[in-house]
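Encoded as structure tokens, the structure appears first; notes follow it.
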Amino acid sequence: MRGSSIVDRALGRGHRSNPPRPDLSHNIILYLEGITVSFDGFRALNALNLYIEAGELRCIIGPNGAGKTTMMDVITGKTRPDEGSAWFGQTIDLLAMKEPEIAAAGIGRKFQKPTVFGSHTVFENLELAMAGDKSVWKILFAKLSAEQLARIDSVLETIGLKDLRSQLAGSLSHGQKQWLEIGMLLMQDPQLLLVDEPVAGMTPQETEKTAELLVSLAGQRSVVVVEHDMDFVRSIARTVTVLHEGSVLAEGPIDQVQNDPKVVEVYLGE
Amino acid sequence: MNKSFISRLMLNDSGSRLFLGALLIAALVVPLLNLVVPAGSALHLPTYAVTLLGKYLCYALLAIAVDLVWGYCGILSLGHTAFFALGGYAMGMYLMRQIGTRGVYGDPILPDFMVFLNWKELPWFWHGMNLFPVAMLMVVLAPALLAYAFGWLAFRSRVTGVYLSIITQALTYALLLAFFRNEMGFGGNNGLTDFKELLGFDLQKGSTHVGLFLITVLALALGYLACRYIVNSRFGRVIEAVRDAESRARFIGYKVESYKLWLWVFSAILSGIAGALYVPQIGIINPGEFAPINSIEVVVWVAVGGRGTLYGAALGAVLVNYAKTYLTAALPEVWLYALGALFVGVTLLLPQGIVGLLRQLRSKKS
């Protein structure tokens, strides 16, 4: 039927059906090789090479303009690099995919500013973020299965908002909103989590709790954290990558990196 | 948490219960006071009052349709009477074809205005409109198709906010101008009127108007329940999410334009049904129904009642129209100022409308 294809498209059918999952047979979940991005002659990324292992918790630091956000944009498909390749596992070419496809394949990104749905409860926010068929008719008649309920409950437990499940997200504290947002990412069951400045504006207690949360998330999935706060980085990271002028300046355990003269120079000036 | 169908529909909120209870009482009391209580009695409800109440309830259904898109999805439509009028015209065409030889010119096929314009044949789009099922299909289809075409273009291009509101005004204004033209084949300036009967029931008879009133009550109740189901479903939570943070909803994987489009089309269908019920009760449909000011009035009803509540929209429609009936009779020159003042006043003092005020009072008490 000719008409049905229009209806299908308008209803969003066929959207997000069976997204590919990354092949982790070589234990590397993300390959960025020779990535270069220029904006009007300015090289935001300059032949960047970066490898993230499966289950790893990696911190990325670097001064303003080092290319951290641009790197995230390349991974999530928001920005197309001029050169280089980006692979998710062994088989998925990120540069050939659109933003929603990349999200469906299992890369979740948390932005700096938390944007939760303020007039929905914590529970409803997680329900909305749940992975699955999001076409209009399915959602109109959707009911939560016991399995999905259990999944929401376990995420509520992980992010420590179990007691606040019925509270409106708009009334949460800044830190709680950040955790809820991480929870919303988890509901989409990502293999790779990109987290942008999670502790900006948090109290010390909240920062500590966030550190515990991020550490607990690694292992089952890979987590990449971009952060300025060195104390925070020290409290969570095993491996740190320092970006400078669009490429990797240093990489390794935090103590080694912090004492690296090149890093000291970049961070403290001459 | 596993909500049953009924509880998802409603009935765990007092507003829904009150609203449906009020409709039930109206459905029982109005026919009683009109048909059973003798005409001389002080309690007798004259037929014109039944018709007036029926008109208010048609407006209430239109207001609910606007609240569904505005209150829950943040789409401020300033052109919803376009859908209302299209539904009305579809019903009007059927009623015109029922006149038959009883018209002034007595033509068995052509409505009076076509004879007057010296037309020899029925335009193609008037064929089949003498059949009630076809006409009812058009009541739904005409607004739905217009809404689909408009929504497909507007939402896909991500037109939002005030820009969308302005385009909806342009839409209804364009239709106003088009329907004014005799060549369009909808009776031009005069519109469609002089109706005789609906499904064989004499439209001059009081009992027919009571019947129409009851059907309007039923349509309003069913329309309300359908909207309540939608807003209580996960679909409803998605459209609220779109209202609050559209790009975030898109980022989580919802095709925002599809959600808006189908909500918009459903809302247009409800408006069309309201218009179709309005026309036989009022006895006329003309291009004036497309006037942009009418659509703005609907938004005022919703704002006064309390948007994002559905029953508040219905309440606002009835109250504001009662005030309009009263004021346009008592102080006709005051009405438009009163309407403007009402809108400004409600926006400044009662952002949540009457329902919001009542909720505040109740939460203060407890």
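Here, each number is a calculation from the coordinates, and none is a lab measurement. As the structure is a prediction and not an experimental result, all values here were calculated from the model. No Cβ is skipped: glycine too gets one built from the backbone with ideal geometry, and neighbour counts run over all protein chains shown.
Details
- Working from Cα pairs under 8 Å separated by at least six residues, relative contact order for region B:83-234 is 26 percent.
- Viscosity 0.890 mPa s, 25 °C: Kirkwood-radius Stokes-Einstein D of region B:254-366 over Cα pairs, µm²/s: 153 µm²/s
- About the Cα centre, charge dipole magnitude for region B:276-366 (Lys/Arg +1, Asp/Glu -1 at Cβ), debye: 600 debye
- Each Lys or Arg adds one and each Asp or Glu subtracts one; over the other residues with Cβ under 13 Å from the Cβ of B:Asn189, this totals -1.
- Given charges at Cβ of Lys, Arg, Asp, Glu: the protein assembly as shown dipole, positive-most of A:Val257, A:Asn46, B:Ser77: B:Ser77
- Pairwise centroid distance, computed over Cα atoms, of region A:106-124 with region A:77-95, Å: 25 Å
- Taking chain B and dividing mean pair separation by its residue count, relative contact order in percent (alpha carbons under 8 Å, at least six apart): 31 percent
- Between the amide H of A:Ile28 and those of A:Ala54, distances stay under 5 Å, these residues lying 5 or more places away or on another chain, with hydrogens modeled in the peptide plane.
- Just so you know, the Rg over Rh for region B:114-252 is 1.06, from Cα atoms, with Rh as the Kirkwood radius.
- Backbone amide hydrogens, once placed in the peptide plane, bring A:Lys110 within less than 5 Å of A:Leu194, A:Val195, A:Asp196, excluding anything fewer than 5 places away on its chain.
- Relative contact order of chain A, defined on C-alpha pairs under 8 angstrom at six or more residues apart (%): 26 percent
- Links that overshoot a 21 Å alpha carbon limit, given the list A:Lys78/A:Lys113; B:Lys196/B:Lys324; B:Lys55/B:Lys324; A:Lys68/A:Lys262; A:Lys143/B:Lys255; A:Lys110/A:Lys177: B:Lys196/B:Lys324
- Loop-resident trypsin sites (Lys or Arg not before Pro) (DSSP state other than H, G, I, E or B) in region A:94-139 with no more than 15 further Cβ atoms inside 10 Å of their Cβ: A:Lys98.
- For chain A, a crude dipole built from +1 on the beta carbon of Lys and Arg and -1 on the beta carbon of Asp and Glu, taken about the Cα centre, is about 1180 debye to the nearest 20.
- Under the combined filter of DSSP loop state and at most 14 neighbouring Cβ atoms within 10 Å, region B:81-127 retains these trypsin sites (Lys or Arg not before Pro): B:Lys120.
- Alpha-carbon centroid distance for the pair region B:49-115 / region B:139-214, whole angstrom: 6 Å
- Ranking A:Ile152, B:Gly340, A:Thr115 by how far each Cα lies toward the positive end of the dipole of the protein assembly as shown (charges on Cβ) leaves B:Gly340 at the top.
- Computed over the alpha carbons of the protein assembly as shown, Rg followed by Dmax gives 30.4, 103 Å.
- Per-residue [θ]222 nm for chain A (sum of -39500 (n - 2.57) over DSSP H runs n ≥ 4, rounded to 500): -10500 deg cm²/dmol
- Sites excluded, chymotrypsin sites (Phe, Trp or Tyr not before Pro) in DSSP loops with at most 16 other C-beta within 10 Å, longest stretch of chain B: B:120-366
- Cα coordinate range in region A:16-108, projected on the principal axes (Å, largest first): 39, 25, 19
- Descending principal axes extents, chain B, alpha-carbon based, whole Å: 64, 56, 46
- Estimated [θ] at 222 nm from DSSP helical runs (n ≥ 4, -39500 (n - 2.57)) normalised by residues in chain B, nearest 500: -23000 deg cm²/dmol
- Between the listed residues B:Val217, B:Val36, B:Ala268, the Cα displaced farthest toward the positive end of the dipole of the protein assembly as shown, a dipole computed from Cβ unit charges relative to the Cα centre, is found at B:Val36.
- Along principal axes, Cα extents of region A:2-268, largest first, whole Å: 60, 49, 37
- In sequence order, calculated HN-Hα J values of region A:141-146 (Karplus, 6.51, -1.76, 1.60; Hz; x Gly/Pro): 10, 5, 10, 6, 7, 4
- For A:Ser247, residues with placed amide H under 5 Å, excluding near neighbours: A:Asn46
- Convex hull volume per residue in cubic angstrom - Cα atoms of region B:130-202: 121 Å³
- Pairwise centroid distance, computed over Cα atoms, of region B:278-339 with region A:19-39, Å: 59 Å
- Modelled label positions at B:Leu153 and A:Ala150, each set 7 Å beyond Cα in the direction of Cβ, lie 5.1 nm from each other.
- Evaluated with a Cβ-only charge set (Lys, Arg +1; Asp, Glu -1), the protein assembly as shown carries a dipole of roughly 2180 debye about its Cα centre, given to the nearest 20.
- In Hz, Karplus ³J(HN,Hα) per residue of region B:148-157 (6.51, -1.76, 1.60; θ = phi - 60°; x = Gly, Pro): 5, 4, 5, x, 4, 5, 6, 6, 5, 7
- Along region A:46-63 the Karplus relation, 6.51 cos²θ - 1.76 cosθ + 1.60 evaluated at θ = phi - 60°, assigns HN-Hα couplings of 10, 6, 6, 10, 8, 10, 10, 7, 5, x, 7, 10, 10, 9, 10, 10, x, x Hz to successive residues, with x for each Gly and Pro.
- Over 16 Å [Cα-Cα, region B:46-133], rounded percent: 67 percent
- Backbone N within region B:172-199 under 19 Å of label point (7 Å from B:Phe116 Cα along the Cβ vector): B:177-197
- Under 12 Å, Cβ to Cβ, from B:Gly15 - net charge with Lys/Arg +1 and Asp/Glu -1: +3
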